[in-house]
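Reading through the structure tokens given below for one structure.
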Amino acid sequence: MKKIKVLIVDDSAVVRQTLEEILSSDPEIEVMATAADPYIAAEKIRRGVPDVITLDVEMPRMDGLTFLQKIMSQHPIPVVICSSLTGEGAETTLKALEYGAVDIIRKPRIGAKQFLEEARLLICDSVKAAALVKTKHLNVKPFMVAPKLTADAVLARPTNSAMIQTTEKVVVVGASTGGTEALRIFLEALPPDAPGIVIVQHMPEHFTAAFARRLDGICRVTVKEAEDNDTVIRGRALIAPGNCHILLKRSGARYYVEVKAGPLVCRHRPSVDVLFRSAARYAGKNAVGVIMTGMGDDGARGMLEMKEAGAYNIAQDEASSVVFGMPNEAIKKGGVDRVLPLEKIAQEIITAM
């Protein structure tokens, strides 16, 4: 298999060295060069075009956003933003997604062994997903990945006795690479009295709050970063906080969410599988599941469990997906009832309700 060639652009020598060590540890990735600023990076690109660029936002001589805009206008290359994830810089870094970046990763830092191992998995997976964006219309097989935990690590499987159907419905949504734009299109199309929605978008901590605020400003439904025990109500979408799992729960007639720590599930935290399993367990026939663009298979098992519990499930189609990994895996497992273009999913949910 041809290795994914990566160019690392960051003004910190320590970050460049750490990223190079992390990425080089994956046999499917090759660090072709590093650069301390965008001008050096441009020279490196003239010598050889990488498959993926990891890019810092704040750098001397030229900031990362300006460089990103130049790349996208002159020679589009999948870009993964590497950020220190301070709350102050979250809005700026989110701008990078609007300018064409495909993902955000957390800058590696010295820490416990478990933290470093999780960082390695997340960074390498993000680069691999970015490489797939470049060939999204080809029949690209998923990258081989190491063994990973399932939703069993957070929540036991649902029993066979699914909750009886009631008049109150809830929608659970999972997305990854390309999901920030897909969620914007989906949520903007919903009416203000849409059913309550709980969302997992694979995104680091500190960014989900800014992402939710941005969506809240343009959508007719209310959008907020979920907090533990938030009630799921009509006209509101709750987005799982980065680095936390989110579960749908029910107490009597009230749906609410539990935000909790836990291990990576399907190499992610938050995990779509964890949310979907909780929906199967606590909502059953009252749930509608939606799985959107993203690499890997997070959500596929949980969606099948939802269908077995009586839920109605929708997958985004290949043509409108940036990466047709997660929807395709859910389809192959038999958990999907309908496959639709992104722009038709909102109307399908309203009709199904």
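The values are calculated or read from the model by the stated rules, or taken from the named source; none is laboratory data. Remember, predicted model here, so these are calculated numbers, not experimental data. Cβ: placed from backbone, ideal geometry, glycine included. Neighbour counts: every protein chain shown.
Yes/no per residue for (1) among the hydrophobic types (A, V, I, L, M, F, W, C); (2) outside any helix (DSSP H, G or I); (3) under 23 Å from the mean Cα position of the chain (by Cα):
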| residue | (1), (2), (3) |
| --- | --- |
| 11 | no, yes, no |
| 15 | yes, no, no |
| 19 | yes, no, yes |
| 23 | yes, no, yes |
| 42 | yes, no, no |
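Conditions (1) crowded, with 24+ Cβ neighbours inside 10 Å; (2) assigned by TED's automatic domain parsing to the domain that holds residue 197; (3) among the hydrophobic types (A, V, I, L, M, F, W, C); (4) not in a strand (DSSP E or B), marked per residue:
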| site | (1), (2), (3), (4) |
| --- | --- |
| 246 | yes, yes, yes, no |
| 249 | no, yes, no, no |
| 263 | no, yes, no, yes |
| 314 | yes, yes, yes, no |
| 319 | no, yes, yes, yes |
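Remark: pairs (first residue in segment 244-256, farther than 15 Å from residue 287 by Cβ; second residue among the basic types (Lys, Arg) and outside any strand (DSSP E or B); Cβ separation under 8 Å; 6+ apart in sequence or on different chains) = 244/269; 245/269. Selection of segment 207-228 for residues being touching a Lys or Arg at 6+ places or on another chain (Cβ under 9 Å) and either part of a loop (DSSP other than H, G, I, E, B) or not assigned by TED's automatic domain parsing to the domain that holds residue 267 (or both) yields 218, 219, 221, 228. Scanning segment 198-211 for residues that are of a type in the set (A, V, I, L, M) and buried (at least 22 other Cβ atoms within 10 Å of the Cβ), which turns out nearest to the chain's Cα centre (by Cα)? Among residues in segment 198-211 that are of a type in the set (A, V, I, L, M) and buried (at least 22 other Cβ atoms within 10 Å of the Cβ), the one nearest to the chain's Cα centre (by Cα) is 203.
Filtering 84, 73 for residues that are surrounded by 13 or more Cβ atoms within 10 Å (Cβ to Cβ) and out of contact with any strand residue (DSSP E or B) (no Cβ under 6 Å at 6 or more places or on another chain) leaves a single hit, 84.
Residues of segment 231-243 that are at pLDDT 95 or above, surrounded by 19 or more Cβ atoms within 10 Å (Cβ to Cβ) and not in a strand (DSSP E or B): 232, 240, 241. Screening the candidates 294, 310, 299 for the property of being more than 18 Å from the chain's Cα centre (by Cα) and more than 21 Å from residue 190 (Cα to Cα) yields one hit, 310.
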